[in-house]
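The block underneath contains the structure these notes are about, expressed in C-alpha cells.
The values are calculated or read from the model by the stated rules, or taken from the named source; none is laboratory data. Worth saying up front: this structure is predicted, and the values here are computed from it rather than measured. So basically every Cβ, Gly included, is an ideal-geometry build from the backbone, and we count neighbours across all protein chains shown. Surface accessibility is based on the protein's heavy atoms, side chains included, excluding ligands, DNA and RNA. Shrake-Rupley method; radii C 1.70, N 1.55, O 1.52, S 1.80 Å.
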Amino acid sequence: MTEIKPHGSHFGAFEAVVEGGRLVEARPFARDPFPGSLLQSIPDAVHSAARIDRPYVRAGWLKGERRGSARGGDAFVPVSWDRAIRLVAEESTRIRGEHGHASVLGGSYGWSSAGRYHHARTQLHRFLGLAGGFTAQVTNYSYGAGMTLMPHILGTNEVIQGPVTDWAAIRANARVMLCFGGLPLKNGLITSGGSGAHEYVPLMKAAAEAGLRFVNISPFRGDVAEFLGAEWVPIRPGSDAAMILAMAQVILEAGRQDDDFLARCAVGFAPFAAYLRGETDGVAKTPEWATKLTDVPAETIRRLALEIAATPNMLTATWSIQRAEHGEQPWWALVALAATLGTIGKAGQGVAFGYGSMNGIGTPRHEVPSVAGVSVKNPVGAYIPVARVTELLERPGEILQYNGRDLRLPDIRMIWWGGGNPFHHHQDLGRLLRGWNRADTVVVQEPWWTALARHADIVLPATTSLERNDIGSASRDRFVRAMHQAIAPVGQARNDVDMLADIADALGFRAAFTEQRDEMAWLDHLYGRWRQACAAQGIEVPDFAQFWEQGFVEIPPPATSYTQFAEFRSDPEAHPLNTATGKVEIFCETIARFGYAEVPGHPVWQEPREWLGGSLAQRFPLHMLSFQPFTRLHGQLDVGRVAAANRVQGREPILMHPDDAAARGLADGEVVRVFNDRGAIAAGLRVTEAIRPGVVAMATGAWWNPARPGATDSPCLHGNANVLTQDVGTSRLGQGSAAQSCLVEIARWEGELTPIRVHAPPEGATAP
Ligand SMILES: Nc1nc2c(c(=O)[nH]1)N[C@H]1C(S)=C(S)[C@@H](COP(=O)(O)OP(=O)(O)OC[C@H]3O[C@@H](n4cnc5c(=O)[nH]c(N)nc54)[C@H](O)[C@@H]3O)O[C@H]1N2
Ligand SMILES: Nc1nc2c(c(=O)[nH]1)N[C@H]1C(S)=C(S)[C@@H](COP(=O)(O)OP(=O)(O)OC[C@H]3O[C@@H](n4cnc5c(=O)[nH]c(N)nc54)[C@H](O)[C@@H]3O)O[C@H]1N2
Ligand SMILES: [Mo]
C-alpha cells in the first residue's frame with residue numbers, strides 16, 4: 001500500500017511517498033516552480049546505515065575518563081534509554097553543582113531540521129534555560145562579521161536577512177547589477193525553515209529578460225548561471241575591498257559622487273574621501289593601486305566604476321565575502337560605494353547582501369511573521385560570538401574582545417549539542433578536537449553518526465522530521481507547510497522534545513518544559529499564535545484543523561514591489577536609520593572608539609595574513625575556497641545519492657585550473673593530497689577553466705574521516721575542507737568565521753587510500 005503525506009524540509013516542500021513503512025520518494029510539492037535535486041537524497045538519508053539505532057556511551061567515559069580524554073577513537077557501548085537518561089541527568093547535576101551553570105556550553109549552533117516545533121536547537125535551549133542556564137553563542141557562521149557591522153553603519157540587519165529590495169523593483173529599475181561572489185544557483189536550493197517554492201531561478205531569469213546586465217566578480221565563473229550571460233571578472237580571493245575602494249576613488253575623481261545624498265543621508269564622507277585620495281597614508285586608492293592586489297585590470301575597474309556612475313544599478317555581495325579575514329571591510333566598502341553613488345533608497349537600486357546566498361532573499365513577499373517555537377530566557381549571561389568556540393575551549397578565564405566588549409571566557413566542562421555539527425561547521429578541526437577533549441562530558445543528540453556523534457561521550461539517537469508531526473515555515477517564503485509524520489521512528493530513535501522531557505523529569509522540571517502539551521497540542525498552539533499575528537496585520541488564514549487537512553497555507557505575493565530605505569531617503573529626518581547619527585555611517589564614531597587597529601572608523605584595505613599576495617603563498621601557493629555544496633546542505637544528506645554521484649573515486653571533488661594542474665603534473669579524476677601546516681585531506685581532482693589560476697575550490701560538508709580515528713593530526717581520507725581552514729576571527733569587531741582565508745598546496749596522493757568509513761556505524765555500534 002502506498003501512502004502520501006505532505007512534508008517539508010530546508011531543501012523544499014514535498015509529498016512523502018511511503019510503502020511498507022519506508023519512505024521511498026520525496027516528490028516535489030506541486031506548487032514549487034523549481035524544486036531542486038536534493039529531495040532525491042532524503043529517502044537514502046532517512047534509511048541510511050549511518051542512522052543511530054539506540055543510545056550509546058563511549059567506553060572510556062564509562063570507565064570514568066573525563067577531562068583530557070581522547071575522543072573519537074574509543075568503541076561505543078549500547079545502553080538502554082533509561083540508563084542514558086539517568087547518566088545525562090546525574091552528570092548534568094554534578095557539573096552544574098561543581099562548576100556552575102556557565103560551565104555548560106549549550107549554544108548548539110546549527111541548522112537542525114525544518115519544522116518549527118521539533119527544531120532541535122530551540123528545544124535544547126528551552127531545556128537548558130530551565131535547567132539553570134548555559135554558555136550561549138551569538139551571531140552565526142553565515143554572516144557573523146556582517147551582522148555585527150551593519151547595525152553600526154545602517155542601523156539594521158535587514159540589509160542581509162531581508163526584507164531587501166526585491167527582484168520586482170530591481171527588474172523594473174536597475175540596468176546593471178554588480179555581484180561580488182556572483183549569484184550561485186546552488187545556494188537557492190535551500191531556505192531555512194522549509195520552503196514551499198524555489199522562486200530564485202524564475203526571478204533571476206525574468207530580470208535578465210528585462211534587460212538587466214549582470215557582472216560576476218568572483219574567482220569562479222560558475223558562481224552565476226549561464227542563462228544570465230554575465231561578464232566574468234575573475235578577482236583574487238580576499239581582495240574585494242581593494243576593488244570597491246578603487247571604484248569609489250574613480251567616482252570621486254570624476255566628480256560623480258552624489259553630494260546631495262552624502263549631505264542629507266550620510267556622515268563621514270570627508271575622511272573616507274581623504275583616504276581614497278591618499279591624504280591619510282600617502283597611497284591613492286586608484287585602479288592602478290588595486291590591480292596589483294586584485295589581479296583585475298585597472299581598465300576594468302575604471303570602466304565598471306564609470307558605468308555604475310551613469311547607469312541605474314544594484315550592488316550586491318554574497319555572504320561568503322565577509323567569511324574571511326577582515327571580512328567586515330568589503331561589505332562596509334560596498335555600503336560606502338552605494339552612498340557615494342547616492343543610490344541607497346532609490347527604487348530598485350542601492351546595496352544589499354545575499355541575493356546569491358539563499359532562496360527567498362529578494363523574493364517579493366508580504367511581511368508576515370513565521371510560525372515560531374516558544375523560548376525561555378537563559379539565566380546565564382555568558383556568551384561567545386559563535387565562531388570563537390575553539391578559543392572558548394582553549395583559554396578559560398581569559399578575555400575575548402568582541403564588538404567593543406571584553407568577554408571573560410568560562411571554563412567549559414559539559415558540551416551539549418543537538419541540531420548542529422561543529423565538526424562540520426568549524427575551522428581547523430584538529431585544533432577544535434584538542435580543545436573539545438578538555439571537556440568532562442559531551443552529550444549529543446543526532447539522527448546520524450556524523451563526526452559530531454563520533455566525538456561524543458553520550459549519544460542520544462534523534463528522529464528525523466519524517467518520524468514526527470510539525471509545521472514548516474520560513475519568513476522568506478509565502479507557504480506554511482503541514483509536515484505529517486510519514487514513518488515510525490527508525491530503531492529506538494526518539495524525538496528531541498521527548499528525550500529532553502524525560503531528562504527534565506529526572507531533574508524535576510518536566511511540566512515547565514512541556515507545559516503539559518503533547519505534540520499535536522503544541523502544533524495547534526504555535527499555529528494559533530501565528531494565526532493571531534497574521535490577523536493583527538489583516539491577513540486571514542484558516543484554522544489549525546483546516547490547515548492540517550489541506551497541507552499548506554499560502555500568503556499570496558504583494559501587488560507592489562519593495563525598495564529598502566526608500567522612506568529614509570525621501571526624508572531622513574522623519575525616518576532616521578537606527579544608527580547613532582540616524583544616517584548611513586561611512587565613518588562610524590562608535591567603531592572608531594573601540595580602538596581596534598584593524599578596524600578604523602571607515603572602510604579600509606587591510607591585507608589578510610593568508611592570501612595570494614602574502615609571504616605564506618611561497619610555501620602554499622593555492623588559495624582554497626570552501627563554498628556551500630550543491631549536493632547537500634552542509635553535512636546533511638552526505639549519505640544520499642546526490643552527494644555520492646558527485647564524488648571522484650569516493651572523495652569530495654576539488655576544482656583546479658588546467659595551468660595549475662599541468663604545473664603539478666596532475667590529471668582530472670586523480671586523487672590528490674591537499675595540505676598546509678594545519679593538516680591534509682584527500683580530494684578528487686576536477687580540472688576546469690571555470691576557476692581562475694591560483695585558486696582551488698571545494699564544497700564543505702564531506703563527513704570528517706580521519707585515517708586514524710581519535711587522532712587530531714591525521715589526514716582526512718574523504719575531503720573535509722575544514723581540516724585545512726584557518727580558525728581566526730574576521731577581526732575583533734565581528735569575530736566571524738574566516739573560513740575563506742586559506743592557503744594550501746596540492747600534490748598527487750601517495751600511499752594507502754582506504755575507502756571511507758564514516759557512512760557506517762563506528763566500532764561497537766550497529767546499523768538499524
Ligand atoms: N570551510 C567552511 N566552513 C563552513 C562554511 C564555509 O563556507 N566554509 N559555512 C558555514 C556556515 S554559513 C554554516 S551555516 C555552518 C553550518 O553548520 P551546521 O548547521 O552545524 O551544519 P549541518 O550539517 O546542517 O548540521 C546540522 C546537524 O543537525 C542534525 N540534525 C538534523 N535534524 C535534526 C534533528 O531533528 N534533531 C537533532 N538532534 N539533530 C538534527 C544533522 O544531522 C546535522 O548533523 O557551516 C559553516 N562552516
Ligand atoms: N545547496 C546549498 N545551498 C546553501 C547551503 C548549502 O549547504 N547547500 N548553505 C546555506 C547557508 S547556511 C548559507 S550561509 C549560504 C551561504 O551563501 P554564500 O556565503 O554566499 O555561499 P558560498 O557558496 O560560500 O559562496 C559563494 C561564492 O563566493 C565566492 N567567493 C568566495 N570567496 C570570495 C572572495 O574572496 N571574493 C569573491 N568575489 N568571491 C568569493 C565563491 O566562489 C563561492 O562560490 O548558502 C545557503 N545555501
Ligand atoms: Mo550559513
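A few comments on the model shown:
- Selected residue (criterion: farthest from ligand 3 (Cβ to nearest atom)) from residues of segment 157-178 that are within 19 Å of the chain's Cα centre (by Cα) and outside any helix (DSSP H, G or I): P163
- A count restricted to segment 348-374 and to residues that are more than 16 Å from ligand 2 (Cβ to nearest atom) and under 23 Å from V335 (Cβ atoms) stands at 4.
- Residue within segment 605-617 that is basic (K, R), farther than 25 Å from M243 by Cα and either in contact (Cβ under 8 Å) with a residue 12 or more places away in the chain or out of contact with any helix residue (DSSP H, G or I) (no Cβ under 7 Å at 6 or more places or on another chain) (or both) present: no
- Options H118, H101; residue that is closer than 26 Å to G508 by Cα and open to solvent by less than 50 Å² (accessible area, probe 1.4 Å): H118
- Taking the conditions (1) open to solvent by 10 Å² or more (accessible area, probe 1.4 Å); (2) touching an Asp or Glu at 6+ places or on another chain (Cβ under 8 Å) in turn, S239 satisfies each one other than (1).
- Any hit, segment 188-206, residues being open to solvent by less than 10 Å² (accessible area, probe 1.4 Å), away from ligand 3 (no atom under 15 Å from the Cβ), closer than 30 Å to R517 by Cα and in contact with a Phe, Trp or Tyr (Cβ under 8 Å, 6 or more places away or on another chain): yes
- Qualifying residue in segment 347-368 (condition: of a type in the set (S, T, Y), touching a His at 6+ places or on another chain (Cβ under 8 Å) and within 26 Å of A474 (Cα to Cα)): no
- A single entry from A50, A45 fulfils the requirement of being touching a His at 6+ places or on another chain (Cβ under 6 Å) and within 30 Å of F14 (Cα to Cα): A50.
- Elements of type strands (runs of 3 or more DSSP E) contained in segment 653-753, each with 1 or more residues being open to solvent by 10 Å² or more (accessible area, probe 1.4 Å) and within 30 Å of L407 (Cβ to Cβ): 671-676, 679-687
- Pick from segment 516-540, criterion in contact (Cβ under 8 Å) with a residue 24 or more places away in the chain and in a loop (DSSP other than H, G, I, E, B), ranking: nearest to K5 (Cα to Cα): I539
- Yes/no for F272 being away from ligand 2 (no atom under 16 Å from the Cβ), of a type in the set (F, W, Y) and either in contact (Cβ under 8 Å) with a residue 12 or more places away in the chain or not assigned by TED's automatic domain parsing to the domain that holds P572 (or both): yes
- Scanning segment 685-743 for residues that are within 27 Å of P385 (Cβ to Cβ) and among the aliphatic types (A, V, I, L, M) yields A697, M698, A699, A702, A721, V723, L724, V728, L733, A738, A739, L743.
- Boolean, T463 is hydroxyl-bearing (S, T, Y), surrounded by 21 or more Cβ atoms within 10 Å (Cβ to Cβ) and within 14 Å of ligand 1 (Cβ to nearest atom): yes
- As a summary of the residue check, A535 satisfies the conditions (1) open to solvent by 80 Å² or more (accessible area, probe 1.4 Å); (2) at pLDDT below 95 except for the one numbered (1).
- Qualifying positions in segment 314-355 - in a loop (DSSP other than H, G, I, E, B) and more than 13 Å from ligand 1 (Cβ to nearest atom): E325, H326, G342, T343, I344, G345, K346, A347, G348, Q349, Y355
- Filtered residues of segment 625-654 (kept if near ligand 2 (Cβ under 6 Å from one of its atoms) and either closer than 16 Å to V687 by Cα or at pLDDT below 95 (or both)): L625
- Residue match in segment 286-306 (condition: surrounded by fewer than 24 Cβ atoms within 10 Å (Cβ to Cβ) and under 22 Å from P572 (Cα atoms)): no
- G679 being away from ligand 3 (no atom under 16 Å from the Cβ) and touching a residue at least 12 places away in the same chain (Cβ under 8 Å): yes
- Which listed residue, of G255, G229, is under 33 Å from the mean Cα position of the chain (by Cα) and either modelled with pLDDT of 95 or more or not β-branched (V, I, T) (or both): G229
- In segment 408-431, the residues that are in the same structural domain as M499 (by TED's automatic domain parsing) and away from ligand 3 (no atom under 16 Å from the Cβ) reach residues that are charged (D, E, K, R) and in a helix (DSSP H, G or I) with C-beta atoms within less than 6 angstrom, at least six apart or across chains, in these pairs: G418/D496.
- Any hit, segment 348-365, residues being open to solvent by 30 Å² or more (accessible area, probe 1.4 Å), under 24 Å from the mean Cα position of the chain (by Cα) and either more than 30 Å from A225 (Cβ to Cβ) or not hydrophobic (A, V, I, L, M, F, W, C) (or both): yes
- If the condition is being in contact with a strand residue (DSSP E or B) (Cβ under 9 Å, 6 or more places away or on another chain), closer than 28 Å to V17 by Cα and open to solvent by 20 Å² or more (accessible area, probe 1.4 Å), then segment 496-531 contributes only E519.
- G222 falls short on exactly one of the conditions (1) small (G, A, S); (2) assigned to a loop (DSSP other than H, G, I, E, B); (3) in contact (Cβ under 8 Å) with a residue 60 or more places away in the chain, and that condition is (2).
- Qualifying residues in segment 151-160 (those that are surrounded by fewer than 24 Cβ atoms within 10 Å (Cβ to Cβ) and farther than 13 Å from Q564 by Cα) - the one nearest to ligand 1 (Cβ to nearest atom): P151
- Only one entry in D543, D524, D518 is in contact with a Phe, Trp or Tyr (Cβ under 6 Å, 6 or more places away or on another chain), among the acidic types (D, E) and not assigned by TED's automatic domain parsing to the domain that holds Y117, namely D524.
- Single condition V176 does not satisfy, out of (1) of a type in the set (A, V, I, L, M); (2) at pLDDT 95 or above; (3) within 16 Å of ligand 1 (Cβ to nearest atom); (4) open to solvent by less than 20 Å² (accessible area, probe 1.4 Å): (3)
- Against the list (1) modelled with pLDDT under 95; (2) under 30 Å from G491 (Cβ atoms), the condition P706 fails is (1).
- Any strands (runs of 3 or more DSSP E) falling wholly within segment 425-509 and containing at least 1 residues that are closer than 22 Å to G129 by Cα: 441-446, 458-461
- Selection count where residues are near ligand 1 (Cβ under 8 Å from one of its atoms) and either modelled with pLDDT under 95 or assigned to a loop (DSSP other than H, G, I, E, B) (or both), scope segment 92-120: 8
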